[in-house]
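Just below is one structure, and these are the notes that go with it.
Every number here is computed from the coordinates shown, using simple stated rules; none is lab data. It should be emphasised that the depicted structure is a prediction, and the values quoted were computed from it without experimental measurement. Quick reminder, even Gly has a Cβ in these numbers, built from the backbone with ideal geometry, and neighbours come from all protein chains shown.
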Amino acid sequence: LKIAILVLISALGMLIWFLECHPGGHRILKSPYRSVDFDSSHLQQSAIQDLICDHSLTAGWYRFMIFDKPAEMPSKCVEMNHCGTQAPVWLYLRERESMPQPGEIKQLTACATWQFFFSTSRDCCLFRIPVSVRNCGDFFVYLLQPTQGCMGYCAEAVAYAKPQTCGPGGVEIQGIYSSKLAPSSSASVSPPLPATPEVVAEWIKGSIYLRCTFGIPSANSSVGFIVAWSRLSPEGIKEELKRETAVHTFSLLELDGINLKVGDRVYCSSSTFLLEKPNIKSSPVESEEFFAGIKIYPETYSISEDGKEYRLAIESRIPIPCPEFGQLENDCKISLTLNTVDQVPCEEQVL
C-alpha cells in the first residue's frame, strides 16, 4: 500500500509538471514590444494605448515569445522606458542563484527598474516581485502575478538552440521537428510585401506629426520593416527626409517647420525583411502623395461681377493648433486673405 501511495504521489508530481509545460498549461506573452531592445518612448509619444502595463495581467504560468521565436526573461538590469513599458521588470539572480535545471522549479525574484524625476541615477530594483520559474527542458515557464502600476515583464530572444536528432534527415529545435533544408532552399525564401502605407496627420503632445501606418497582409510576424520618408522638391525630385528600421507597424515624422514644412508633398515607403536573415528584403511599397497643408477647391476660379454666388471649399489636411486653455472661439482659427489678380486686398475672411 505504501509503495502504491508513493507511486501515486510521484505520478501526480509528474502530471503537474506536465500540465505547466504543456501548451494548455501556460499562456504565451508574445508582444514584440516586450523585447529588451524596444524603446518604449515611441509608444508614450504616439500610441499610449499600446503601452504594456501588467497590472491587469491574470496570475498564472506564462512563456515568452518574440516574433514566434523562443524568449526568456532577462537576468540583467534593463533601462527604463524599454520592453514596451515605463518600468521594465527583469529576473534578479542573487549571488550563487541560478536558473532551475530541467524539470526543476525555483522561487526567484523579479525587479522593476525606475528613476525618479529629481534623481540622476536609476534604481534597478526599486520594486520586487516574487516569480516562480519552471524548466520544461526546451524552454522556461514563469508563474507571474499582476504588477503595481505601469510595469511590464521583459523578454529577450534566446540566442541559442539545442538541435537533437528526431529521425533521418531531421532536427528538433525548441520542440519543433523539421527536415534539414539545403542552403539554397532557405536562401530562396523572401519576406512578404507590406500593405500599402497610409499617411495621416496627428496632434501629439503639442506638435503636429505625420503617421505612416503599414503592415503585412499575411500572418507572418517574423519580419521587420524599413521605412523611408521623402518629399517632393520644387523641381519635382523626391528628397529623402528620414529612414528607420522598425518592428512596429507605424512611423512618425514631425512637422517641425525645418525638415518638414506646411505645404510639403510627402511620401512614405515601407519594405520588409526577415528577422533571422536581415539581408533578405522585399521590394518597397510607397504610399500615395500626402499634402501637408491647406487645400482650396477648386484651385483656380474665374469670378465675374455678375451677382452670382461663388463657393470655395477649404480643407486642412493637418490639425489646426489651438491653445490648451483657450476660452473663446477666436482662440482656435486660421485667417485667410483673399486678393484680386491686380493684388488689391479685399475684405479679410476669418474661417
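Among the listed pairs Lys69/Lys205; Lys76/Lys106; Lys242/Lys281; Lys69/Lys281; Lys30/Lys76, which have their C-alpha atoms separated by more than 25 angstrom in this model? Intermediate results must be reported in sequence, preceding the final value.
Working: Lys69/Lys205 35 Å; Lys76/Lys106 18 Å; Lys242/Lys281 19 Å; Lys69/Lys281 19 Å; Lys30/Lys76 20 Å.
Beyond 25 Å between Cα atoms: Lys69/Lys205.
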Along the Cα→Cβ direction, 7 angstrom out, place labels at Ser302 and Ala157. What is the inter-label distance in nm? 6.3
Could you tell me the distance between the Cα centroids of the range 230-296 and the range 76-120, to the nearest Å? 37
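Excluding Asn259 itself, what net charge comes from residues whose Cβ is under 12 Å from its Cβ, given Lys and Arg +1 and Asp and Glu -1?
Values: positive: Arg231, Lys242, Lys261; negative: Glu239, Glu240, Glu254, Asp256, Asp264.
Summing Lys and Arg as +1 and Asp and Glu as -1 gives -2.
DSSP loop GluC sites (Glu not before Pro) in the range 72-112 with at most 16 other Cβ atoms within 10 Å of their Cβ, which ones?
Glu79, Glu95, Glu97, Glu104
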